[in-house]
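The values are calculated or read from the model by the stated rules, or taken from the named source; none is laboratory data. What you are looking at is a predicted structure, and each value in this text was computed from that prediction instead of being measured. All Cβ positions, glycine included, derive from the backbone under ideal geometry; neighbour counts span all protein chains shown. The protein model used for the area step is the full one, side chains on, heavy atoms only, and it has no ligands, DNA or RNA in it. Shrake-Rupley method; radii C 1.70, N 1.55, O 1.52, S 1.80 Å.
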Amino acid sequence: MNKIKSHGNFGEGAVWKNIVAQAFPLMLAQLVQLAYNIVDRIYIGHMPGIGTMALTGIGLAFPLTTLIQAFTSLFAVGGTPLFSIARGQGDRKRAEKILSQVVTLLVGCSLILFLLCYFFRKPVLYLFGASDISYPYADAYLKIYLWGTTFSMFGIGMNNFINAQGYPKLGMMTTVIGALLNLILDPLFIFVLNMGIQGAAVATVLSQAVSAVWVLLFFMGRKTEYKIKPELMIPNGKIIKDILALGVSGFIAKGTNCAVQVICNATLRTFGGDLYVGIMTCINSIREIAELPVFSLTSGAQPVLGFNYGARKFKRLRSAIRFSCLSSIIYTILGWFVIMGLPKMWISIFTSDPQMIEFGVPSLKIYFAAFIFMSFQSAGQSTFTSLGCSKRAVFFSLLRKVIIVIPLTIMLPRMGMGANGVFAAEPVSNVLGGLAAFITMYLTLYRKLPKEDEN
């Protein structure tokens, strides 16, 4: 095997600088990525007369858009650590095989998802908690949004491999370009052209298409050391199995988010009506913003962890794990104070409806009560994934959402808590699931890593 010196050598320099150099541009990129949907929700929530119900419709479409993200994560999160490990080992051929196989999986799956979600969207939306009043808004958005499935999955999924090569600024540009375009097109289509909720979907699809083209141009250009090669895109069972084994934890994490959203919407529809479905849409949007720095930090640490693990540089690996965990904990403590201190401001970003704000503030406080413990889940989960511990990563994905959140979401409202029970399930799961993942990672992985490098 020939060792190669390449861009993004995470085995040199200060470990924390390597992580921050990856995480900061990634955070900016993911923040801008949120603009694809967040900006839609802000504009839609403030539409005169129909904003509240239109926002509820967007919330009903969340589970399907989350499902698309879950499959993107399955292939991208599964392939990126393998790609990073292969780079650390200097195995260019295997790295390019992994890269090309992920392209095949992303594009092939996106076409299947588009067809299934598009033609079965009506019964699915009613299953997700739609009423006769809210369904038209959800359908108007979703039937256009789904046309961007391939653009979204390819652009987001392959952007991970730009970052993993040590080009986080270029990766950031992928989302910056698309999101800025979305910011411009949203008011144009929604208000100027009077397309309403459909205009928001059109703006999003066009923006996703531009981002996907940017990513494709990178892999066709001279900067990348690893090319997408058609001859390597023919499905390879062994590599696909390896990708799926690692990616399944990320898939379960987002897939169970989809299941939780379905159950939350359906339960809120029963115990609180369309108003509370809209409130949950606001809270989900705030959560996406609040948790983004933690996920950016742990995602930025993954190629650093994977590279040093592949290079057998255990001192650097242990240092990287400590830095990413401690930084995540400090951030969530600060974030908790900001959210709990200004709940009305956060809800008001997405709606001007006085009733939604009145009932949304106490719901927000319940939901974010144990936000700090979310960092423990993220740190433990990310470390397992980075080092190829797929079974433990899968287990803790299932534990928090399937074993804890879903049963509590069903039970607590029926135990006298009503709609508040749906929001209370989140902090309980953060404490129990987060501590379980972090303590297990520390005892079974971190403490057992060699203290000395092997070469």
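Seen from every direction in turn and averaged, the convex hull around the alpha carbons of region 67-194 projects onto 9.2 nm². Report the normalised scattering of region 239-321 as log10 I(q)/I(0) at q = 0.10, 0.22 Å⁻¹, calculated by the Debye formula with identical scatterers on the alpha carbons. Computed log10 I(q)/I(0) values: -0.43, -1.08. Counting 0.36 nm for each residue step from VAL210 to LEU435 and taking away their Cα separation leaves a gain of 76.9 nm.
Considering the chain, its Cα convex hull presents a mean projected area of 20.2 nm². Between TYR118 and LYS227, full extension at 0.36 nm per residue minus the direct alpha carbon distance yields a gain of 36.0 nm. For region 279-320, a Kirkwood hydrodynamic radius built from all Cα pairs, placed in the Stokes-Einstein relation at 4 °C and 1.567 mPa s, yields a translational diffusion coefficient of 108 µm²/s. Remark: accessible surface ordering of TRP336, TRP147 (largest first) is TRP147, TRP336, probe radius 1.4 Å.
In whole angstrom, region 371-455 maps to an equivalent ellipsoid with semi-axes of 33, 11, 8, each derived as √(5λ) from the alpha carbon gyration tensor and ordered largest first.
Between the alpha-carbon centres of region 305-348 and region 34-107 there is a gap of 21 Å. Panel note: the C-alpha atoms of region 279-415, placed on their principal axes, show extents of 57, 30, 18 Å (largest first). Computed extension length for ILE184-LEU111: 23.5 nm, one decimal, from 0.36 nm per residue of separation with the Cα-Cα distance subtracted. Considering only GLY388, ALA70, CYS264, and ranking their Cα positions along the charge dipole of the chain that arises from unit charges at the beta-carbon of Lys, Arg, Asp and Glu, the one farthest toward the positive end is GLY388.
Taking the helices alone, the chain has a mean residue ellipticity at 222 nm of -26500 deg cm²/dmol, built from -39,500 (n - 2.57) per DSSP H run of at least 4 residues and averaged over all its residues.
Toward the positive end of the charge dipole of the chain, with +1 on the Cβ of Lys and Arg and -1 on the Cβ of Asp and Glu, the farthest Cα among LEU342, PRO187, SER299 is that of SER299. Ordered from largest to smallest accessible area (heavy atoms of protein chains, 1.4 Å probe), the residues MET345, MET441 come out as MET345, MET441.
Using the Cβ-Cβ distance between LEU244 and ILE133 with R0 set to 35 Å, the FRET efficiency from 1/(1 + (r/R0)^6) comes to roughly 0.30. Each residue was assigned an accessible area with a 1.4 Å probe, and for TYR167 the value is about 40 Å². Distance between the C-alpha centres of region 245-291 and region 144-181: 23 Å, rounded to the whole angstrom.
Net charge dipole, the chain: roughly 1740 debye, given to the nearest 20, about the Cα centre with Cβ charges of +1 for Lys and Arg and -1 for Asp and Glu. Of TYR309, TYR226, the order by accessible heavy-atom surface (1.4 Å probe, DNA, RNA and ligands excluded), from most exposed downward, is TYR309, TYR226. Treating each Cα of region 132-254 as an identical point scatterer and summing with the Debye formula, the log10 of I(q)/I(0) at q = 0.20 Å⁻¹ comes to -1.15. Quick one: grab the alpha carbon gyration tensor of region 17-125, order the square roots of its eigenvalues as a ≥ b ≥ c, and give me rounded if a/c is under 1.5, else prolate or oblate depending on whether a/b is larger than b/c. In terms of gyration-tensor shape, oblate.
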